[in-house]
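Asks: Attaching a single structure in structure tokens format; questions to follow.
The values are calculated or read from the model by the stated rules, or taken from the named source; none is laboratory data. Here the structure is a predicted model, which is why all the values come from computation and not from measurement. All Cβ positions, glycine included, derive from the backbone under ideal geometry; neighbour counts span all protein chains shown. The accessibility values were calculated without ligands, DNA or RNA, using every heavy atom of the protein model including side chains. Shrake-Rupley method; radii C 1.70, N 1.55, O 1.52, S 1.80 Å.
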Amino acid sequence: MIQTDILIIGAGPVGLFTVFEAGLMQLRCHIIDSIPQPGGQLKEIYPKKPIYDIPGFPSVLAGDLIDNLEKQIEPFQPGYTLGERAEDIEKLEDLSFLVTTNEGTLHKAPVVIIAGGLGSFEARKPKLDSLPFYEKKGVEYMIKDPNLYLDKKIVISGGGDSALDWALYFAQKSSEKIHLIHRSDSFRAHKDSVNNVYALQEKRKIEIHTFSEVTNLKGKELLDEIEITNKEGHKTLIATDYWFPLFGLSPKLGPLSNWGLEIEKNAIVVDNTLDYQTNIPGIFAVGDVNTYPRKLKLILCGFHEATLAVQSAYKIINPEKRFTMKYTTVQGINGF
């Protein structure tokens, strides 16, 4: 069982900044996120998108903002449970919370801060009748440990940053040629990534199949072949060990909606006059996942909400202690 002071649901920018604010008060944090890497939608969906309203940054790429936040919280050594979804919550006799993920991982903490952005992100799945049979048997929607797939026959579907980034990664590290399938010839990824993919195609490290999509999966026990069909109706069979349909992620509140929290229009209602606590004492919600009168869904607002939530979390965790806030310019950063 993983035990910590504050359990954070969501590894997006607000969740990461919560670690920093908690660390300043010498509170340890552990983060759960359904995506296999920190960063939420900023890292997974639009890492190359510029953001203009972060104080001190006239412009910063979404992926770079996450990199900076990760560097900022390094002194406070957060723990991570990634690629798993927070599924169930139970309030124990000592008033702490027991949170179990969909993989059965147990986490215990006196305070839970939900920083889940728009909710847990679930993969957008292609509509194939045979798909459920091959899930975890060759079909994967997220790449937790890329080393597991090196030198394997890999097919990737998608035209965004995630699909091209992984195609480039495996093409540069694997001895096998990577197949990249897209339904058009216009990629949504960053221009440099598109250029690099075509450059590796010339070197026969990647084979690009445009105006094509996967129409059938084959294999007795494990996936060993896929069928793709182009716009003219021509079908091609490709031998493969793994198929990654990377069509982006769909945000859903998911299991959180069954936790007894007050929900309004797919968001968690909080008390914004004090600390963004929910209707369940000890559970807070910050960032885009919460709602209150005149709510603004901005990253900088989430940073503010996280700061106040951590102040109240400290009082729950240390009811006999009084914390005196000092500016970081005075006290510095005292990590663990």
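Asks: Considering every residue within the range 66-73, establish whether at least one is under 12 Å from the mean Cα position of the chain (by Cα) and either touching a residue at least 12 places away in the same chain (Cβ under 8 Å) or closer than 26 Å to Gln331 by Cβ (or both).
Replies: Checked the range 66-73: at least one residue is under 12 Å from the mean Cα position of the chain (by Cα) and either touching a residue at least 12 places away in the same chain (Cβ under 8 Å) or closer than 26 Å to Gln331 by Cβ (or both).
Asks: Of everything in the range 292-324, what is in a loop (DSSP other than H, G, I, E, B), of a type in the set (A, V, I, L, M, F, W, C) and surrounded by 12 or more Cβ atoms within 10 Å (Cβ to Cβ)? Give them in sequence order.
Replies: Looking only at the range 292-324, we keep the residues that are in a loop (DSSP other than H, G, I, E, B), and these are 292-298, 318-324.
Within this subset, residues satisfying the condition of being of a type in the set (A, V, I, L, M, F, W, C) are 296, 298, 323.
Selection gives Leu298, Phe323.
Asks: Evaluate the following for Ile333: is it part of a loop (DSSP other than H, G, I, E, B), open to solvent by less than 60 Å² (accessible area, probe 1.4 Å) and of a type in the set (Val, Ile, Thr)? It would help to see each step written out before you state the result.
Replies: Values: part of a loop (DSSP other than H, G, I, E, B): yes; open to solvent by less than 60 Å² (accessible area, probe 1.4 Å): no; of a type in the set (Val, Ile, Thr): yes.
Answer is no for this residue.
Asks: How many residues, within the range 35-63, are of a type outside the set (A, V, I, L, M) and touching a Pro at 6+ places or on another chain (Cβ under 8 Å)?
Replies: Number of matching residues: 6.
Asks: Filter the range 283-299 down to residues that are of a type outside the set (Phe, Trp, Tyr) and within 17 Å of Ser257 (Cα to Cα), then give me how many there are. First the steps, then the outcome.
Replies: Start the filter on the range 283-299 by keeping residues that are of a type outside the set (Phe, Trp, Tyr), which leaves 283, 285-291, 293-299.
Then drop every residue that is not within 17 Å of Ser257 (Cα to Cα), which leaves 283, 285-291.
Residues flagged as of a type outside the set (Phe, Trp, Tyr) and within 17 Å of Ser257 (Cα to Cα) within the range 283-299 amount to 8.
Asks: Name the residue that is nearest to Asp288 (Cα to Cα), counting only residues in the range 124-174 that are in contact with a strand residue (DSSP E or B) (Cβ under 6 Å, 6 or more places away or on another chain) and of a type in the set (A, V, I, L, M).
Replies: Here the answer is Ala163.
Asks: Tell me which residues, restricted to the range 241-279, are in a strand (DSSP E or B), of a type in the set (Gly, Ala, Ser) and surrounded by fewer than 18 Cβ atoms within 10 Å (Cβ to Cβ). I'd like the intermediate steps shown before the answer.
Replies: Within the range 241-279, the subset in a strand (DSSP E or B) is 242-245, 249-252, 263-264, 267-269, 271, 277.
Pick out the ones that are also of a type in the set (Gly, Ala, Ser) and you get 250, 267.
Selection gives Ser250 alone.
Asks: For Leu148, work out the one condition from (1) open to solvent by 50 Å² or more (accessible area, probe 1.4 Å); (2) of a type in the set (A, V, I, L, M); (3) touching a helix residue (DSSP H, G or I) at 6+ places or on another chain (Cβ under 6 Å) it doesn't fulfil.
Replies: (3)
Conditions tested, residue by residue: (1) buried (at least 19 other Cβ atoms within 10 Å of the Cβ); (2) not acidic (Asp, Glu).
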{"site": "Gly160", "(1), (2)": "yes, yes"}
{"site": "Trp166", "(1), (2)": "yes, yes"}
{"site": "Asp192", "(1), (2)": "no, no"}
{"site": "Asn216", "(1), (2)": "no, yes"}
{"site": "Asp224", "(1), (2)": "no, no"}
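Asks: Let me ask another. For His209, all conditions in the list (1) within 27 Å of the chain's Cα centre (by Cα); (2) of a type outside the set (Lys, Arg); (3) surrounded by 15 or more Cβ atoms within 10 Å (Cβ to Cβ); (4) farther than 25 Å from Pro36 by Cβ hold save one; what is the number of the exception?
Replies: It is condition (1) that His209 fails.
Asks: In the range 5-23, which residues are over 21 Å from Gly83 (Cβ atoms), open to solvent by 10 Å² or more (accessible area, probe 1.4 Å) and of a type in the set (A, V, I, L, M, F, W, C)? Show your work before the answer.
Replies: Step one: filter the range 5-23 for residues over 21 Å from Gly83 (Cβ atoms), giving 5, 17, 20-23.
Keeping just the survivors that are open to solvent by 10 Å² or more (accessible area, probe 1.4 Å) gives 5, 17, 20-21.
Within the range 5-23, Phe17, Phe20 qualify.
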